[in-house]
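The values are calculated or read from the model by the stated rules, or taken from the named source; none is laboratory data. Small disclaimer: the values here were computed from a predicted structure and weren't measured. Note that we place each Cβ from the backbone using ideal geometry, even for glycine, and neighbour counts take in every protein chain shown.
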Amino acid sequence: MSEILDFPPRQTILIVDDTPDNVRLAATLLKERYRTRVATEGAQALQLAAAWPQPDLVLLDVDMPGMDGYEVCARLQADPLTADVPVVFLTARDRVEEEERGLRLGAVDYIAKPISPPILLARVQTHLALKNARRLLADKNAYLEMEVARRMHELGAVQDLTILAMALIAERRDNETGSHIRRTQHYVRLLAQQLRQQPRFAGFFDDATIELLYKSAALHDIGKVGVPDAILRKPGTLTEEEFAVMKTHTVIGHDTLLEVEREIGQPSSFLRFAREIACSHHEKWDGTGYPKGLRGEAIPVAARLMAVADVYDAFVSHRVYKPAMPHEQALEIVREGRGTHFDPDVVDAFFGIEDEIKKIAALLADSEPLPEATKNERP
């Protein structure tokens with residue numbers, strides 16, 4: 001009952017000494033400020049040190065029969081349950097070598113016998129204050145780690161919502177993009193996972209990058225919000241002038257995402273891949289694409305993945321200007337584009353996951369075919 005009423009709880013000192021007079025003196029000096037527990041030999045000391053409530057400090061005699069203080073200290077330090085409990089040796093030994101040995105074993109201090117009451121009280125108070133400070137610092141560090149994790153989670157959620165909001169804008173603007181966005185996201189992630197096994201890409205595709213590419217792929221056609229409806233939804237063949245306007249969606253998408261980055265103050269942020277994809281997913285490996293005519297390695301890796309994913313899905317999907325193409329026929333077109341339209345390694349990776357690609361295309365197929373019309377190449 002006395003422990004229950006002891007609030008705030010006093011700290012506990014474990015006194016270990018085989019001499020009754022020494023135990024009695026130390027207990028008498030400490031009992032007004034601290035709770036005390038007593039052990040008269042090493043094995044008992046180890047049991048009490050591991051029992052609840054654990055001591056906050058151990059006053060440990062060196063010279064004891066059987067298990068001496070050095071061995072007790074070593075065992076306390078070796079046990080994760082008691083390793084953080086500070087040990088102060090009580091000893092009549094005054095050789096420097098003895099003190100060095102104890103400190104190497106993990107003791108925090110030495111108090112010489114015969115015990116001086118003021119020194120004992122001062123040393124105990126000092127080491128308990130140090131332990132309390134370490135505990136407080138550990139608690140603060142743990143709190144800070146949790147707070148950082150919480151803030152990172154919140155930031156990730158904000159980033160996801162930003163991407164989702166912009167993707168939904170594009171989806172509402174272009175009635176063809178809904179399922180197309182979801183399918184191409186999955187294609188891009190599968191391609192990245194396949195390519196990370198190649199030495200050429202192993203350093204690029206870590207888990208975080210692959211997840212960011214998956215999210216960023218949703219914004220590849222965000223620039224179509226700036227294309228007039230008359231062109232974007234035209235069922236027939238586009239004129240040369242209309243096609244030129246349609247191609248501007250790459251630059252519009254890049255510039256829009258760049259402006260968003262500037263507004264949120266995060267240059268080279270989570271939207272970097274989205275910018276690269278939006279701007280360059282119609283570039284071609286041989287340099288004949290648009291908007292900049294980039295060639296080969298100059299095309300961002302993210303855009304190279306999107307180029308294959310986008311073209312394949314465009315061919316196997318119904319559009320207002322064309323019917324869906326069979327999977328095998330679309331594969332042939334992708335194969336023909338190896339080394340001209342597409343990065344050869346990306347095409348090889350695509351065929352390495354052909355079965356998974358086909359399953360995704362079927363699983364996320366458009367619920368109702370769009371009206372078939374004359375085939376016409378569209379971006």
Q: List the number of the failed condition for residue 214; all other conditions in (1) under 26 Å from residue 260 (Cα atoms); (2) in contact (Cβ under 8 Å) with a residue 60 or more places away in the chain hold.
A: (2)
Q) For the range 52-84, how many residues meet the condition of being aliphatic (A, V, I, L, M) and free of Cβ contacts under 8 Å to residues at least 40 places away in the same chain? A) 6
Q. Given the structure, is residue 120 among the hydrophobic types (A, V, I, L, M, F, W, C), modelled with pLDDT of 85 or more and not assigned by TED's automatic domain parsing to the domain that holds residue 311?
A. yes
Q) Is the range 52-67 home to any residue that is modelled with pLDDT under 90, of a type in the set (A, V, I, L, M, F, W, C) and within 44 Å of the chain's Cα centre (by Cα)? A) yes
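Residue-wise test of (1) polar (S, T, N, Q); (2) within 48 Å of the chain's Cα centre (by Cα); (3) at pLDDT below 90; (4) not assigned by TED's automatic domain parsing to the domain that holds residue 128.
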residue	(1), (2), (3), (4)
16	no, yes, no, no
21	no, no, yes, no
29	no, no, no, no
49	no, yes, no, no
85	no, yes, no, no
(Q) What pairs come out if I take residues in the range 321-334 that are surrounded by 15 or more Cβ atoms within 10 Å (Cβ to Cβ) and pair them with residues that are polar (S, T, N, Q) whose C-beta lies under 7 Å away, six or more apart or interchain? (A) 321/374; 321/376; 322/376; 324/317
Q: Quick one: count up the residues across the range 96-137 that are under 15 Å from residue 26 (Cβ atoms), charged (D, E, K, R) and touching a residue at least 60 places away in the same chain (Cβ under 8 Å).
A: 1
Q.
So residue 126 ticks every box in (1) in the same structural domain as residue 235 (by TED's automatic domain parsing); (2) modelled with pLDDT of 90 or more; (3) not aliphatic (A, V, I, L, M) but one. Which box is left unticked?
A. (1)
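Okay, residues lined up against (1) assigned to a helix (DSSP H, G or I); (2) among the hydrophobic types (A, V, I, L, M, F, W, C); (3) assigned by TED's automatic domain parsing to the domain that holds residue 251; (4) over 28 Å from residue 208 (Cα atoms):
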site	(1), (2), (3), (4)
274	yes, yes, yes, no
282	no, no, yes, no
302	yes, yes, yes, no
315	yes, yes, yes, yes
345	yes, no, yes, no
Q: Check whether at least one residue in the range 311-333 is within 26 Å of residue 249 (Cα to Cα) and touching a strand residue (DSSP E or B) at 6+ places or on another chain (Cβ under 7 Å), and report yes or no.
A: no
Q. In this structure, does residue 251 turn out to be of a type in the set (A, V, I, L, M) and surrounded by fewer than 18 Cβ atoms within 10 Å (Cβ to Cβ)?
A. yes
Q: Would you be able to tell me the number of residues in the range 133-152 that are closer than 20 Å to residue 84 by Cβ and basic (Lys, Arg)?
A: 3
Q.
Can you tell me how many residues within the range 322-340 are assigned to a loop (DSSP other than H, G, I, E, B) and under 12 Å from residue 311 (Cα atoms)?
A. 2
(Q) Please determine whether any residue of the range 196-215 is buried (at least 16 other Cβ atoms within 10 Å of the Cβ) and over 22 Å from the mean Cα position of the chain (by Cα). (A) no
Q: Give the range 35-94 a look and list any residue that's part of a loop (DSSP other than H, G, I, E, B) and aliphatic (A, V, I, L, M), or say none.
A: 51, 62, 64, 67, 81, 83, 85, 92
Q: Answer with yes or no whether residue 104 is basic (Lys, Arg), outside any helix (DSSP H, G or I) and on the phi < 0 side of the Ramachandran plot.
A: no
Q. Restricting the search to the range 262-303, which residues are of a type in the set (A, V, I, L, M) and either buried (at least 17 other Cβ atoms within 10 Å of the Cβ) or at pLDDT 95 or above (or both)?
A. 271, 274, 277, 278, 294, 298, 299, 301, 302, 303
